[in-house]
Each structure stands twice: as C-alpha cells, then as structure tokens.
Amino acid sequence: MRSSTGCGSDLSLLELRDVQARYGEITALHGVSLTVAEGDFVAILGANGAGKTTTLRAISGTVKTSGDILFDDHKLFRRSPEAMARKGVAHVPEGRGTFSTLSVLDNLRLGAWVQRGVSPRDLANVFEFFPRLYERPDQQAGTLSGGEQQMLALGRAMMAKPRLLLLDEPSLGLAPLVVREIFAALKQLNEGGTTIVVVEQNAALALAAANHAYVLETGRVVLGGDAADLKANESVRRSYLGY
Ligand code: ATP
C-alpha cells in the first residue's frame, strides 16, 4: 500500500511482487515489483525493450510468469486471459486488436461478453464518450481511421466495465488532436472510478495524465513514485522528456 496525490486511494488493487517473465531464452522481466492503488492512473515508462508491454501481458495473463500477482489483495493462481477479464481486467494492446472485418457495433458488442450481454446503457455511454463511433455503427472496423480504431478499442474495453484498464501505447501513430481526445476520455474514465495503467512512449503526456509512474529498464523497475515528482526528476526529464 502507498499513498498517492491523484484519484488513487490507499487501497491496493494490484500488486506485482518479483514478477519474472521469459520468451524462450530471453528474460523480459527480471523481478518487477509494483503497486497500483484503486483509482490510480499509473504510467509505465521506459526505453524500447525495457519490458513495458510484457508487464501489461503479465497482468492480463497473456504471458506466463513466476513471482506473485495479487488482485484485490488475493494472490492469483489461475491467470488465463479469460480469468483476468472476468476479474475486471481489460487490456487494449498496442495495435488496438479490434476485429477489422466486423462492424463498429459488433466490436462493441463483443466487448461486453464478460458482462453476459450488451447493456444499452453501456453502449450509450461509449457513444457519448466517442460520438465518432455513434456516427458510424455499421462501418467495418478495418476501414476506420487510426484514431477511430483507438476509440473503438477503448470503447470495446469500456463495454466490459473493467475495474482495471491496461493500455499499451494508445497514442502511437495518432495526430495530436486525436491523442488529446483519447487522453481526455481516459482522464474522465479514471475520474469515474476506473483504475488505469498506461504504457506510453509519449512520457510528457503520460506523466501529465497519471498520478503515479514507474520507469522500467531492462526488465526491472528502476524508479517509481508520484508522477509530478518523476517529472521533476532530472534523469527522467533528460531520458524521457528531452530537457
Ligand atoms: P517496446 O517499447 O519496444 O514495445 P517494451 O518496453 O514494451 O518495448 P517488451 O516488448 O516487453 O518491451 O520486450 C521486453 C523484452 O522481451 C525485449 O528484449 C524484447 O525483445 C523481448 N520480447 C518481447 N516480445 C517477445 C517475443 N514475442 N519473443 C521473444 N522476445 C520478445
């Protein structure tokens, strides 16, 4: 447990203790420990290959790990992606992972599988967040712009009503205006109670949105703390903020 200055509480929702992960011969995580409090907006920063994506995969059960992962103070033994989704973890991977041949509406409907049915209210909520999706419910996802696809990926995750939303590089390849829209939506979701962990190459953006942040280096956490404090940290500024 730790205190935080943003929306986060003192109650830990997620804890990684000495988590290790490998891809064959390659060790991607060498013992990552971090805590995410309920209501937190956490940014994970680090250079290419530092292990950021693998950390998200470890949490959502899409990569095998050793070490302990606790959710709601319970140690997790069965961590298949399906089990994690049922616990309330939604993962928007890099590249968005929408079903390109399905319509916007069908993608959103699929997002609700964990809720056992599509709630019209949840759908209306997604359309309120993203009017651009409301305007094109029948359009094939693969023909949407990059920004619209990211909105769809986020909307699909919202349909699962997650407690914990994991996002991998949501700003990648998007125009600044669209990135602002996506991050405004994330802020709003977080203020509504959804805990968020975001991996982001745009460190300035991530640190502005987050209340807490971790820096990974070659599969280890090398820094962690209040996002504002990290922003003021000279080595973080030089390495990730370019000043
Ligand atoms: P990036 O910003 O480039 O995505 P990252 O910080 O997200 O980097 P990871 O993608 O988690 O880092 O990769 C951590 C390490 O694991 C790297 O050395 C990477 O080459 C390796 N790795 C990642 N995915 C695989 C894979 N499917 N097979 C083999 N090695 C992998």
Next on the checklist: Student exercise: in the chain, how many lysine pairs 8 or more apart or on different chains have Cα atoms under 27 Å apart?
Outcome noted: 15
Checklist entry - At what distance in nm do the modelled label points of Glu234 and Leu102 sit from each other, each positioned 7 Å from its Cα along Cα→Cβ? => result 5.2
Item to check | Loop trypsin sites (Lys or Arg not before Pro), segment 77-146 (other Cβ atoms within 10 Å of the site Cβ: 11 or fewer; DSSP) | outcome: Arg78, Arg116
Item to check | Relative contact order (percent, whole number), the chain, Cα cutoff 8 Å, 6+ residue spacing | outcome: 27
Checklist entry - Once Lys and Arg get +1 and Asp and Glu get -1 on their Cβ, which of Thr62, Leu167, Phe130 lies farthest toward the positive end of the dipole of the chain? => result Thr62
Item to check | Estimated dipole of segment 98-161 in Debye, rounded to 20 [Cβ of Lys and Arg +1, of Asp and Glu -1, Cα centre] | outcome: 220
Item to check | Dipole-positive endmost among Phe99, Trp113, Gln150 within segment 98-161 (Cβ charges, Cα centre) | outcome: Trp113
Checklist entry - What is the dipole size for the chain, taken about its Cα centre, with +1 at each Lys and Arg Cβ and -1 at each Asp and Glu Cβ, in debye to the nearest 20? => result 420
Checklist entry - Relative contact order of segment 98-161: what whole-number percent is it, with Cα pairs under 8 angstrom and at least 6 residues apart? => result 54
Checklist outcome for this item: Shape call for segment 151-230, from the Cα gyration tensor axes a ≥ b ≥ c (a/c under 1.5 means rounded, otherwise prolate when a/b beats b/c, else oblate), comes out prolate
Checklist entry - Once label points are set 7 Å from the Cα along Cα→Cβ at both Arg109 and Gln20, what is their separation, rounded to one decimal in nm? => result 4.6
Item to check | Within the chain, percent of DSSP bridges classed antiparallel, to nearest 5 | outcome: 55
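Read the figures in this text as sums done on the coordinates, not as results from a lab. Just so it is clear, the model here is predicted, and its values are computed rather than measured. Please note: Cβ atoms are built from the backbone with ideal geometry, for glycine as well, and neighbour counts cover all protein chains shown.
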